[in-house]
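Inspection log for the structure reproduced underneath, given as structure tokens.
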Amino acid sequence: MTSAFYYMRDISSWGKRLPMPFAYPLSSPRGFQVKLLYELANSLMDTLYKKEVIRDMLNNGKQIAAVDLACSFGLEDKFPPVALLQSFLRNNKETMMQMRREAHGSIAALKVANQNSLSAIKAVLKCLKDHKLDGTELSNFNMAAEVATLTKLIKIADEKLRERTMRRRTKKRDAHQLGSSRKPFTPKKRPRSGAADASYAQTPVNVPPQNSGSALSGGMNFYKHPQSSAANASYGQPLLSMCHLSPRMFCLVE
């Protein structure tokens with residue numbers, strides 16, 4: 001059987017590379033045998049390929065798609081649809097319970113878990129309806145009541161999430177209005193005393209007297225310090241009285 005299978009597989013691949021009419025004339029007995037083997041190999045390979053595809057889908061958790069292919073290809077005897085749907089519903093229930101435990105009371109996480117479970121149940125109902133399968137063996141799952149319950153839970157979760165969003169927006173708006181109503185704090189300036197300012201403005205500034213420069217001194221101004229002049233007067237030492245400007249040198253006479 002194995003050798004015959006490999007022989008038919010080789011004939012199939014050979015026939016695909018080279019069109020059948022050019023390989024052997026169909027009128028000859030050899031051509032008829034080759035054509036028969038070619039079609040048989042193709043049908044066998046197609047069946048094996050389809051089975052392999054369905055097994056891959058089942059291993060990847062795509063039971064609904066596997067049931068659709070099995071019913072479309074006529075492989076219900078190899079892949080019983082109702083049994084596959086039962087396994088799918090059982091896995092879906094376990095997954096939903098695990099997601100609810102991991103949610104820890106989170107409304108958004110519970111909503112996602114309920115939505116996934118509702119989508120899975122609706123897919124099973126659609127598959128039963130499309131392929132006209134008998135769902136009496138699935139009566140223990142009570143899918144109609146489960147759909148109604150999940151729909152109600154999702155609606156309640158939507159209302160709670162909407163109310164929480166509105167509360168957050170209201171709280172944020174109130175905080176913004178409260179912050180805008182408050183005036184910025186400006187420290188008061190200490191008032192100045194008018195009498196002090198007036199006395200300060202009227203106080204004269206003691207500027208030592210200056211002698212205007214003469215032509216003899218070359219425009220240079222010499223002024224006497226009051227303390228130095230008093231000291232010099234007490235000792236009888238006259239100060240500089242005259243400054244002669246000479247073209248060659250400055251001559252100071254006491």
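Does at least one position in segment 52-73 carry a residue that is out of contact with any Phe, Trp or Tyr (no Cβ under 7 Å at 6 or more places or on another chain), acidic (Asp, Glu), assigned to a helix (DSSP H, G or I) and within 20 Å of Leu150 (Cα to Cα)? So far as segment 52-73 goes, no, none of its residues is out of contact with any Phe, Trp or Tyr (no Cβ under 7 Å at 6 or more places or on another chain), acidic (Asp, Glu), assigned to a helix (DSSP H, G or I) and within 20 Å of Leu150 (Cα to Cα). Taken together, the residues in segment 128-153 that are modelled with pLDDT of 90 or more and either surrounded by 15 or more Cβ atoms within 10 Å (Cβ to Cβ) or touching a Lys or Arg at 6+ places or on another chain (Cβ under 8 Å) (or both) amount to 6. Checking the structure you have, find out if any residue of segment 103-125 is surrounded by 15 or more Cβ atoms within 10 Å (Cβ to Cβ), in contact with a Pro (Cβ under 7 Å, 6 or more places away or on another chain) and in contact (Cβ under 8 Å) with a residue 60 or more places away in the chain. No, segment 103-125 contains no residue that is surrounded by 15 or more Cβ atoms within 10 Å (Cβ to Cβ), in contact with a Pro (Cβ under 7 Å, 6 or more places away or on another chain) and in contact (Cβ under 8 Å) with a residue 60 or more places away in the chain.
So is Lys172 basic (Lys, Arg), out of contact with any strand residue (DSSP E or B) (no Cβ under 9 Å at 6 or more places or on another chain) and within 30 Å of Lys51 (Cα to Cα) or not? No: the conditions fail for Lys172.
Which of the residues that make up segment 79-134 are under 25 Å from Lys50 (Cβ atoms) and not in a helix (DSSP H, G or I)? Within segment 79-134, Phe79, Pro80, His131, Lys132, Leu133, Asp134 qualify. Among the residues of segment 41-88, write down those that are of a type in the set (Ser, Thr, Tyr) and farther than 15 Å from Gly135 by Cα. Matches in segment 41-88: Ser43, Thr47, Tyr49, Ser72.
The values are calculated or read from the model by the stated rules, or taken from the named source; none is laboratory data. Small disclaimer: the values here were computed from a predicted structure and weren't measured. When we count neighbours, we look across all protein chains shown, and the Cβ atoms used for this are built from the backbone with ideal geometry, even at glycine.
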